[in-house]
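Q: One structure coming up, written as structure tokens, with questions to follow.
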Amino acid sequence: MPSTEERSANGDASYKIEFTKFYNTINNELSSTATTRHSIDPATQGTLAEVPVSTKADLDAAVKHARAAFPPWAATPWEERAAKLRAFADAIEVNKHEITHMVVLESGKAITTANIEVSLAVNHLRETAKLQLPEEVLEDTDERTTIVRYPPIGVAAAIVPWNWPLLLCVGKLGPALLAGNTIIIKPSPFTPYTDLKLGELGAKVFPPGVLQVLSGDDDLGPMITEHPGIDKISFTGSTFTGKKVMESCSRTLKRVTLELGGNDAAIIYPDVDLDKVVPKIAILAFLSTGQVCMLVKRIYVHASIYESFRDALVAFTRNLRTGPGSDPEVFCGPIQNSMQFAKVQDMYASIAKEGWTAALGGVDAGPEHHSGGYFIEPAIIDNPPDDSRIVTEEPFGPIVPLLKWEDEEDVVHRANDTKMGLGASVWSKDIQRAHRVARKLEAGSVWVNSHFDVSPNVPFGGHKWSGLGMEWGVRGLKEWCNTQSLWLRKDF
Ligand code: NAD
């Protein structure tokens, strides 16, 4: 059997896997469970393949193997662990067409967006493999040396949402494994397929017990957060569930990182070039049918350009096609699941109930228009009141409010007047002014003339109720580690 390095060098076909049957990966063995379940294709409501429903016994087995694998993996030199991440990236790349197809099938995402997700995931692993976390010597005298070092925490678990099943899984496992932890992945029951295949690919690259994937029902997440053999949880999902995760983790004092919901504001100044900025804002509001944590969810437009901005945004958005993600012309695929669809439909129903003006859409296209899937057309709400739910809540669907502003201080206050703090952006040709305003925004990521830029070496996370701690970059890597202060006394 060739080594992982030899396989990577050849783009080796032995990384090729089948995408018809789906298994848990426990200690590098593929296993099923007595009970199975399936998810559905959100574009058709058609039944997808059966997947395992893991029991407590499956979790106990995975934890036992992860604990056994931890000491040798933690002792493996950093560069060797980094090489395994690169090999894992190669293994994903060898299967990228099938993985892209799987992402479209299970998440409903447009194929153009799924292609981006796969490329981002591969790049994420390769760039993460370049990160270093050297020890820091704080003091080095004849009397003593003090060193800060970052040993791995132990057995970690990643709880992944359904909107970016590949990227958000890879964004956790890459840094976790590089730092020397072992990890158990729990995909969302709505999108288990891609992540189960990552487990299968991991078995070709990593030693047994280092990367394991278990799919399950709604009770698997709580089983994981309660488990005394797990030391760290990295969770991405809703703020509502994040609070439950933190509460459960407190009982065993697990380390916890939470990446939660967002309600990002974009502040548009009157000096922007509408032809350039309007298409960007539309794409950043409706990408993945609005089902991204860090999209533009409140658009504050200066009153002097409000009408022309609104009309241009409506005209551009009208041309964003809604339909099955597999159609290369489609920009907005279906809503991912029936529960989310009901929530989004409820938000659309508020247009009539609350008397909002829809500059675009507001009509529920309904499954009957699109082959039985959870489709809904984009909607733009024209200057609703600040306290309306389309402004205060995260819709997680293709509906966005456009809001008027006149006074800078006031708009900054309105942008910050939320419990959420994931991202925010300022759009202006006057970079100095935009930079000054950007520094006043309360969010984990703030952009000038952009939104939703992310990078494997830049920390990512939320302020306030959008999260706790950060992922990615050196700052994120430290959250997969304990901090140890080491005091060496020489005057003994
Ligand atoms: P969710 O909170 O419903 O589920 C997320 C994950 O948690 C799933 O794997 C689910 O099975 C699991 N889970 C559910 N209940 C649990 C419990 N009690 N204990 C442990 N695990 C449990 O979120 P979702 O609907 O899958 O995702 C959408 C939300 O995620 C949105 O609010 C979005 O903004 C947020 N999100 C945030 C980020 C970020 O990085 N900040 C990224 C993507 C999505």
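Q: Mind ranking 57-65, 306-314 by how tightly packed they are, going by the mean number of other C-beta atoms within 10 angstrom, highest first?
A: 57-65, 306-314
Q: Further question on the same structure: Please compute the contact order of the chain in relative form: average sequence separation of alpha-carbon pairs under 8 Å and at least six residues apart, divided by the residue count, as a percent.
A: 18 percent
Q: Taking all protein chains together and a probe of 1.4 Å, list F460, F452 from the most accessible to the least accessible.
A: Ranked list, largest accessible area first: F452, F460.
Q: So in segment 264-448, what percent of DSSP beta bridges are antiparallel if you round to the nearest 5?
A: Around 10 percent antiparallel, to the nearest 5.
Q: When Lys and Arg each count +1 and Asp and Glu each count -1, what net charge do the other residues less than 12 Å away from C481, Cβ to Cβ, add up to?
A: +2
Q: With only Lys, Arg, Asp and Glu charged, each at its Cβ (+1 for the first two, -1 for the last two), find how big the charge dipole of the chain is about the Cα centre; round to the nearest 20 debye.
A: That gives a dipole near 800 debye.
Q: In whole percent, what relative contact order does segment 219-289 give with Cα contacts below 8 Å and a gap of six or more residues?
A: 28 percent
Q: Accessible area per residue for the chain in Å², computed with a 1.4 Å probe and the full protein assembly in place, what is it?
A: Per residue, the chain has an accessible area of 40 Å².
Q: Report the calculated FRET efficiency for R67 and S14 (r = Cβ-Cβ distance, R0 = 25 Å), to the nearest 0.05.
A: In this case the efficiency is close to 0.30.
Q: Mark the label point 7 Å from the Cα of W78 along Cα→Cβ and return the residues of segment 470-492 whose backbone N is within less than 17 Å of it.
A: In segment 470-492, the label zone of W78 (backbone N under 17 Å from the point 7 Å along Cα→Cβ) covers 472-486.
Q: For segment 15-93, which whole percent of the accessible surface, found with a 1.4 angstrom probe, sits on carbon and sulfur atoms?
A: Using a 1.4 Å probe with all protein chains present, segment 15-93 comes out at 55 percent carbon and sulfur.
Q: Next question. Convex hull over the alpha-carbon atoms of segment 264-448: what's its volume per residue in Å³?
A: 111 Å³
Q: Then there's this: Over segment 380-492, what is the relative contact order in percent, taking alpha-carbon pairs closer than 8 angstrom and at least six residues apart?
A: Answer for segment 380-492 is 18 percent.
Q: Restricting to bridges with both residues inside the chain, how much of the DSSP beta-bridge set is antiparallel, in percent to the nearest 5?
A: 40 percent
Q: At q = 0.09, 0.10 Å⁻¹, what is the log10 ratio I(q)/I(0) for the chain, with the Debye formula run over Cα points and no solvent?
A: Values returned for q = 0.09, 0.10 Å⁻¹ are -0.63, -0.77.
Q: How large, in percent, is the carbon and sulfur part of the accessible surface of segment 264-448 at a probe radius of 1.4 Å?
A: Here it works out to 49 percent.
Q: Taking a cut-off of 16 Å between Cα atoms, list the aspartates and glutamates near K197, but don't count ones fewer than 8 places away on the same chain.
A: E18, E29, E50, D90, E93, E98, E106, E117
Q: How much accessible area does K56 have with a 1.4 Å probe, in Å² rounded to the nearest 10?
A: Taking all protein chains as shown, K56 has close to 100 Å².
Q: Taking only complete DSSP H runs, can you tell me which helices of the chain stretch 15 Å or more along their own long axis by Cα positions and average at least 1.0 on the Kyte-Doolittle scale?
A: 167-178, 274-286
Q: Taking a threshold of 20 Å on the Cα-Cα distance, which of the pairs K243/K440; K16/K96; K276/K429; K244/K464; K21/K343; K16/K232 fall above it?
A: Over 20 Å Cα-Cα: K243/K440; K21/K343; K16/K232.
Q: Taking the dipole about the Cα centre of segment 102-182, with the C-beta of Lys and Arg at +1 and of Asp and Glu at -1, give me whichever of N123, L167, I111 is farthest to the positive side.
A: After comparing all options, I get I111.
Q: Next question. With a 10 Å radius around each residue's Cβ, average the other Cβ atoms per peptide and rank 141-148, 187-194, 315-322, 275-282, highest first.
A: Packing order, densest peptide first, comes out as 187-194, 275-282, 315-322, 141-148.
Q: Show me, for segment 41-47, the HN-Hα J-couplings you get by feeding each phi into the Karplus relation (A = 6.51, B = -1.76, C = 1.60, θ = phi - 60°), rounded to Hz, glycine and proline as x.
A: Ordered by residue, 3J(HN,Hα) equals 7, x, 7, 9, 6, x, 6 Hz.
Q: Which one of I283, V454, L313 has its Cα pushed farthest toward the positive end of the charge dipole of the chain, where Lys and Arg give +1 and Asp and Glu give -1 at the Cβ?
A: Toward the positive end, the furthest listed residue is V454.
Q: On to the next question. Based on the Cβ-Cβ distance from S450 to F492, what FRET efficiency comes out when R0 is 60 Å, to the nearest 0.05?
A: FRET efficiency, S450 to F492: 0.60.
Q: Next question. Rounded to whole Hz and in sequence order, give me ³J(HN,Hα) for segment 418-426 from the Karplus expression 6.51 cos²θ - 1.76 cosθ + 1.60, θ = phi - 60°, writing x for Gly and Pro.
A: 7, 6, 8, x, 8, x, 6, 9, 10
Q: Highest mean first, what order results for 14-25, 478-489 on Cβ atoms within 10 Å?
A: Ranking the peptides 14-25, 478-489 by packing returns 14-25, 478-489.
The values are calculated or read from the model by the stated rules, or taken from the named source; none is laboratory data. This is a predicted model, so every value here is computed, not measured. Quick reminder, even Gly has a Cβ in these numbers, built from the backbone with ideal geometry, and neighbours come from all protein chains shown. Ligands, DNA and RNA are excluded from the accessible area calculation, which covers all protein heavy atoms including side chains. Shrake-Rupley method; radii C 1.70, N 1.55, O 1.52, S 1.80 Å.
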